[in-house]
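Notes follow the structure.
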Amino acid sequence: MPVFDHPEFDHHQQIVFGSDEASGLRAIIAIHDTRRGPALGGLRIFPYAGEADALTDVLRLSRGMTYKSALADLPLGGGKAVIIADPRRDKTPELLRAMGRLVDSLGGGYITAEDSGSSEADMRLIREATPHVSGLGRQPGESGDPSPFTAWGVFCALTSAVHHGLGRDTLDGLRVAIQGVGHVGAHLARHLHAAGASLVLTDVNREALAHLAEELGAEKVAPDAIFDAEVDLFAPCAMGAVLNAEVIDRLKARVVCGAANNQLATPDMAERLHERGILYAPDYVANAGGVIEVEWQQRGHYTREAVMAHVERIRDTLDEIFARATAEQISPASIADQLARERLAS
Ligand code: NAD
């Protein structure tokens, strides 16, 4: 399994493979870049088909965290950790403490946090073995759930995208399709409803979908039908790699802006969106609200007002990206990558 010649290898600073026989831990931590600060990124626990898939994921996700933190103007680098395990079956306190020891062995170069497959309770177990855990809430008993901040950041991103893509300064009267009404999607739906948008919602969790649709008077559709919805905006808030050629060709929306990580199935999908005249808000710019809040928890002077003001700067960053994309006639995703690299180099 090549590492330095891997297609997702991007001069990552450190890639650590860790195992623990007693607990069955098999994990990889990738530190992509620490020029701006320690590498913060979540711990994904997933039953990867093999270590090659786990390596691909951790290389790609850690690089994404570097770019996300750089564009959110945070004093952080990018890192990510993966455990090859089924979170529903294999997660034990011993496994998580062994993971904590692996994180600790990096001396704070990598700071872990929740991600898919890992919960706040898991982070508390990991913290028994290392202090390098974030996003646990500032007070004992307080939830560290960053999703309300992520949702507010996506809402701010949407206002920028609507301005640049639809020439409108209000969301009132717009139709928005949301794929996934979980932690972030549900908060986002409520913000949009309050702003006067009408909603088309979907989720594979029918109960959650029915509940939210009733609360907001929203239309609900089957998961696959969301791509054909007659809407102005599409907000992917479920899983990654949703924007493939077939989906892009079906979309009626003129703007795509959501919370999901790695929305583009392949990087060239950014050009396809651009060619179809669909304005795409780069995912890692739009969904940075959560990491902004998590980073503020590490500062000694956390206030909700300061965090919200920082999250709202996502709108300014996107304004800059969209303006440059228009001027240079290239996709916003390419501009975002360029801007992140410029910030890293300075
Ligand atoms: P979540 O698990 O709470 O919600 C995801 C929802 O999507 C669930 O309700 C799930 O049933 C639904 N879903 C899954 N597959 C689907 C499908 N095929 N069609 C329709 N619905 C489907 O997760 P979340 O915390 O709300 O995060 C949503 C996305 O945003 C994820 O991609 C996550 O990586 C990303 N993200 C989240 C945060 C955060 O603060 N939570 C921050 C940055 C990025």
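Values quoted throughout were computed directly from the atomic coordinates according to the rules given, and no laboratory measurement underlies them. None of the values given here were measured: they were computed from a predicted structure. Cβ sites come from the backbone with ideal geometry, for glycine too, and all protein chains shown count toward neighbours.
Close amide H pairs (under 5 Å, H built 1.01 Å from N) link GLY41 with GLY79, ILE111, ALA113, residues at least 5 positions away or on another chain.
Given the -39500 (n - 2.57) contribution per DSSP H run of 4+ residues, what per-residue ellipticity at 222 nm results for the chain, rounded to the nearest 500 deg cm²/dmol? Working shown, then result.
On the way: 12 runs with 148 residues, N = 346.
Using -39500 (n - 2.57) per qualifying helix, the result is -13500 deg cm²/dmol.
Using Cα pairs under 8 angstrom and six or more residues apart, how large is the relative contact order of region 1-129, in percent? Kindly include the intermediate steps, with their values, before the conclusion.
Details: 275 pairs, mean separation 38.0, N = 129.
Worked out over region 1-129, it gives 29 percent.
Our coupling estimate for region 212-228, obtained by passing each phi through the Karplus curve with A = 6.51, B = -1.76, C = 1.60 and θ = phi - 60°, is 5, 4, 5, 4, 9, x, 9, 7, 10, 10, 5, x, 6, 6, 5, 6, 9 Hz, Gly and Pro reported as x.
Only Lys, Arg, Asp and Glu count, each charged at its Cβ (+1, +1, -1, -1), so figure out the dipole size of region 255-330 about its Cα centre, rounded to 20 debye. Show your work: numbers first, answer last.
Values: 7 positive and 12 negative charges, 29 e Å.
Here the size comes out at about 140 debye.
Taking other residues whose beta carbon is less than 14 angstrom from the beta carbon of VAL204, and scoring Lys, Arg as +1 and Asp, Glu as -1, yields -1.
For the chain, pairs of C-alpha atoms spaced more than 39 angstrom apart make up 11 percent of the total. Which of VAL307, MET1, ALA340 sits farthest toward the positive end of the charge dipole of the chain, with +1 on the Cβ of Lys and Arg and -1 on the Cβ of Asp and Glu? About the Cα centre, the residue reaching furthest to the positive side is VAL307. Backbone phi angles across region 186-196, fed through the Karplus curve with coefficients 6.51, -1.76 and 1.60 (θ = phi - 60°), yield HN-Hα couplings of 5, 4, 4, 4, 5, 4, 5, 4, 5, 8, x Hz in residue order; Gly and Pro are listed as x. Database remark: amide H of LEU25 closer than 5 angstrom to the amide H of ASP20 (H placed geometrically; neighbours at sequence offset of 5 or more, or on other chains; Pro and chain starts carry no H). Here the chain is scanned for chymotrypsin sites (Phe, Trp or Tyr not before Pro) in DSSP loops (not H, G, I, E, B) that have at most 14 other Cβ atoms within 10 Å, and the longest stretch holding none of them is 5-301. Expressed to the nearest 5 percent, the antiparallel share of DSSP beta bridges inside the chain is 30 percent. Ignoring lysines fewer than eight residues from LYS91 along the same chain, the ones with Cα atoms less than 24 angstrom from its Cα are LYS80. Counting charges near ARG60 (Lys, Arg +1; Asp, Glu -1) among other residues having Cβ under 14 Å from its Cβ returns a value of -4.
Placing +1 on the Cβ of every Lys and Arg and -1 on the Cβ of every Asp and Glu, with no other charges, gives the chain a dipole of roughly 480 debye about its Cα centre. Each other residue within a Cβ distance under 15 Å of PHE234 adds +1 if Lys or Arg and -1 if Asp or Glu, for a net charge of -3. On a straight-distance basis, which lysines could pair with LYS252 in a cross-link, Cα separation under 21 angstrom, same-chain partners fewer than 8 positions away excluded? Counting by Cα, and skipping residues close in sequence, LYS252 has these lysines nearby: LYS220.
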